[in-house]
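In what follows, a single structure is set out as structure tokens and then discussed.
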Amino acid sequence: MTLFLDYSALGIAAGGLYALIALGIIVIFKASHTFNFAMGEMMTLSAYIFYTFAVTYSFGIAYGLIAAAVGSIVVALVIERTVLRPMVGQPFIAIVMATFGVGSVLRGLISLVWGPEDRQVPSLLARDPVMLGDIFIPGKSARAFAIAVIIVISLLAYLRYSRAGIALRAAAADQITAYSMGIDVRRVIQFSWIIAALTGCISGVLIANVNSLTPHMGLIVLNILSVLILGGLNSIGGVLIAGLIIGWLEAMTGLFLGSEFREITPYILVLLVLMVRPTGLFGTKEVERI
Amino acid sequence: MVADPAFITGTSNYIKVGIMLAVLLALPAIAPAFWIYFLAILGINVISVYGLNIMMGYTGLLSLGHAAFMGVGAYSAALGQIHLGLPFWLAIPFAGVMTALIGVAFGLPSLRIRGLYLVIATLAAQFILMFVFVHWESVTNGDVGLNIEPANLFGYVIGTDTQMYYVILAVMLLTTFFTINLVRSRVGRAFVAVRERDLTAAVLGVHIVYYKLLAFALGSFFAGIAGALLVYFNKFVTPEQFGVQVSIFFLAAVIVGGQGSILGSVLGAVFMTVVPELLRLALLAFGDTFGLDTSLILVPLRETIFGFLIVAFLIFEPRGLAHIWERAQRKFSTRRRSG
């Protein structure tokens, strides 16, 4: 039983990070109907920028974080401007392929610049374990979870109540109407990429802290797909709950079926959700049946 | 939709095709052994790219799991020979049919829904199938893979690369002939109609789900055949031949070559097979001079270049090399006429 609870806590802790990454993808999806397959690589790149400034040039953690945030925003805006803007109006599938290509480029460049070996980033999170009653949670995971959930919730509130958030939702509902009502849709899309860059930056640094920093860290985003589908592709609020559920389920398969099954759990779940409820738990319409 | 350059009709084209065939047939007699090896792999890639192009280029169904489907074909052929004792001529179609079935099983839940869902389902297929190849050790022998006997065609053992080259050439010509006729038929037109605007196609009486399933099944079938030929060519199969980066390779081949074009499939496969090879040779030649560790940078360099090609072609030349080729030819022929 304690083992069950320990694993549950660990899984849910990972789920908080999933929600944070998923949020970055959803915001872009809502603003511009672009599915950003390069999210994982953007995340990895931020973590490497952090590493380079904090460790290689030893500016310390604070400047490292600032550099990572600025760097990832610049990269996101460059991707948006050079790849996605020229592709506006192209079929959805073409844009998906383009972001997939961008991901491939970034992954390759990261390996070329920083090499394939694992790196240890300076520790941001305290190591001492957190005890919830009898449940043991490794310190880094617990703290990463807390940070992720706080950021997700405050971002959700921001997107719900701020002008920018309302503009984003207007653009999501109908770009052309939003445009004719005086909302600068282009700015909204850039804004969504900045949000994605920041969530990617934070989650990248956190994941590099919990695990270690490798060029292939970004592949975790492929697990996020199941979070997105389960939460509903157009539901910003759904990601948090879906993230926690997926994280927990992954931990459970690890516990009951053996750890190698963890890597495919998200994919089996995706297929199941697609079969049973393609809108996800909280998504609405959008799914066009044919 | 521009029709394919009809490079197989017309008298002058018959001559061109004849010359090309003659060269391909005579090549093993004159070319070095490495070329034959290379061309055989190229032929397999062409068959696989036809499959992906039927799905992506003609019907608009993006698949990120094409390599894994090839893997299904390869393992089906290998297991068919080991456990069922299937002869070569039966193992190839068997692998194709198995792959089509598994492809449809993965595609079925999402082919009824639009948009991103099929992409995700095929990506799920990529990872789940890969997992099966690696972890179902009692059947697939895990990372070590399976070894098979050389192909045996009605008593003749087809063991050497050159012999397999001829077999692959024959299958490639058959699939080319099939694909050319397919895309010109009612079915091919239905595929294009589904791609361009599925609702309109439905209004015009095209049964969308049926044609999507058919395209998916055909694409997987081609992948399966290509995988089966690959296992008979190498005489072994391991999971690492079918990773996600191989799926990206095929995706890039279709985009670079030209979506919805047969000539494009061939050009894309040639380009994507030749470029990494040149890259490797260049690195081998110059790597030491610049103190680069060739083995370390080759894979990421490839990833970067494949990704860059995908993005660049999507933005600047969405119809791919086939379109460039067409334009070049048109220019050439008008100049000749006016001159």
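The values are calculated or read from the model by the stated rules, or taken from the named source; none is laboratory data. Not measured: the values here are computed from a predicted model. A quick note on method: Cβ atoms are made from the backbone with ideal geometry, for glycine too, and the neighbour counts reach across all protein chains shown. Only protein heavy atoms, including side chains, enter the accessible area calculation; ligands, DNA and RNA are left aside. Shrake-Rupley method; radii C 1.70, N 1.55, O 1.52, S 1.80 Å.
Here are some conditions: (1) open to solvent by less than 20 Å² (accessible area, probe 1.4 Å); (2) closer than 20 Å to residue A:222 by Cβ; (3) within 11 Å of chain A (Cβ to nearest Cβ). Residue B:69 meets all but one. Which one does it not meet? Result: residue B:69 passes all but (3).
Here residue A:100 meets the list (1) surrounded by fewer than 21 Cβ atoms within 10 Å (Cβ to Cβ); (2) within 23 Å of the chain's Cα centre (by Cα); (3) within 14 Å of chain B (Cβ to nearest Cβ) almost entirely, failing just condition (1). Taking first residues from the range B:80-95 that are in a loop (DSSP other than H, G, I, E, B) and partners that are loosely packed, with under 15 Cβ neighbours inside 10 Å, no Cβ contact under 6 Å between residues at least 6 apart in sequence or on separate chains turns up. Only a single criterion out of (1) closer than 18 Å to residue A:18 by Cβ; (2) open to solvent by 50 Å² or more (accessible area, probe 1.4 Å) is not satisfied by residue A:149, namely (2).
Search the range A:72-96 for residues that are without any contact (Cβ under 8 Å) to a residue 12 or more places away in the chain and pair each with any residue that is small (Gly, Ala, Ser) when their beta-carbon atoms are under 7 Å apart and the residues are at least 6 apart or on different chains. From residues that are without any contact (Cβ under 8 Å) to a residue 12 or more places away in the chain, the pairs are A:87/A:94; A:87/A:98; A:93/B:60.
For first residues located in the range A:163-182 and touching a residue at least 60 places away in the same chain (Cβ under 8 Å) and under 22 Å from residue A:283 (Cα atoms), partners that are open to solvent by 30 Å² or more (accessible area, probe 1.4 Å) and not in a loop (DSSP other than H, G, I, E, B) and lie 6+ apart or on another chain with Cβ distances below 9 Å form the pairs A:168/A:30; A:168/A:191; A:169/A:30; A:169/A:160; A:171/A:30; A:171/A:179; A:172/A:30. Of all residues in the range A:51-97, those being surrounded by 15 or more Cβ atoms within 10 Å (Cβ to Cβ) and within 7 Å of chain B (Cβ to nearest Cβ) number 7. Residues in the range A:96-146 that are of a type in the set (Lys, Arg) and touching a Phe, Trp or Tyr at 6+ places or on another chain (Cβ under 9 Å): A:119 alone. For residues in the range A:103-115 being among the hydrophobic types (A, V, I, L, M, F, W, C) and within 7 Å of chain B (Cβ to nearest Cβ), which is least open to solvent (accessible area, probe 1.4 Å)? Result: A:105. Of the candidates B:269, B:285, the single residue that is surrounded by 16 or more Cβ atoms within 10 Å (Cβ to Cβ), assigned to a helix (DSSP H, G or I) and among the hydrophobic types (A, V, I, L, M, F, W, C) is B:269. A count restricted to the range A:1-43 and to residues that are within 24 Å of residue A:216 (Cβ to Cβ) and more than 14 Å from the chain's Cα centre (by Cα) stands at 4. Looking across the range B:77-119 at every residue that is buried (at least 24 other Cβ atoms within 10 Å of the Cβ) and within 13 Å of another protein chain (Cβ to nearest Cβ), the one that is farthest from the chain's Cα centre (by Cα) is identified as B:110. Residue count for the range B:305-325 satisfying the condition of being more than 22 Å from residue A:85 (Cβ to Cβ) and at the interface with chain A (Cβ under 7 Å from one of its Cβ atoms): 1. Applying the criterion of being in a loop (DSSP other than H, G, I, E, B) and touching a residue at least 60 places away in the same chain (Cβ under 8 Å) to the residues of the range A:118-129, the residue that is nearest to the other protein chains (Cβ to nearest Cβ) is A:118. Checking the structure you have, find out if any residue of the range A:244-261 is in contact with a Phe, Trp or Tyr (Cβ under 7 Å, 6 or more places away or on another chain), more than 30 Å from residue A:172 (Cα to Cα) and acidic (Asp, Glu). No, the range A:244-261 has no match at all.
Residue count for the range A:190-212 under the criterion of being surrounded by fewer than 22 Cβ atoms within 10 Å (Cβ to Cβ) and farther than 17 Å from residue A:149 by Cβ: the result is 5. The set of residues from the range B:106-157 being at pLDDT below 90, aliphatic (A, V, I, L, M) and either in contact with a Ser or Thr (Cβ under 9 Å, 6 or more places away or on another chain) or closer than 30 Å to residue B:194 by Cα (or both) comprises B:108, B:111, B:113, B:116, B:118, B:119, B:120, B:121, B:123, B:124, B:144, B:146.
Yes/no per residue for (1) in a loop (DSSP other than H, G, I, E, B); (2) not polar (S, T, N, Q):
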position: A:190; (1), (2): no, no
position: A:196; (1), (2): no, yes
position: A:199; (1), (2): no, no
position: A:218; (1), (2): no, yes
position: A:229; (1), (2): no, yes
position: A:234; (1), (2): yes, no
position: A:246; (1), (2): no, yes
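Only one of the listed residues (A:258, A:232, A:218, A:182) is at pLDDT below 85 and surrounded by fewer than 24 Cβ atoms within 10 Å (Cβ to Cβ). That residue is A:258. Kindly indicate whether any position in the range B:304-324 is under 17 Å from the mean Cα position of the chain (by Cα), open to solvent by less than 30 Å² (accessible area, probe 1.4 Å) and polar (S, T, N, Q). Within the range B:304-324 (the criterion being under 17 Å from the mean Cα position of the chain (by Cα), open to solvent by less than 30 Å² (accessible area, probe 1.4 Å) and polar (S, T, N, Q)), the answer is no, since none of the residues qualifies.
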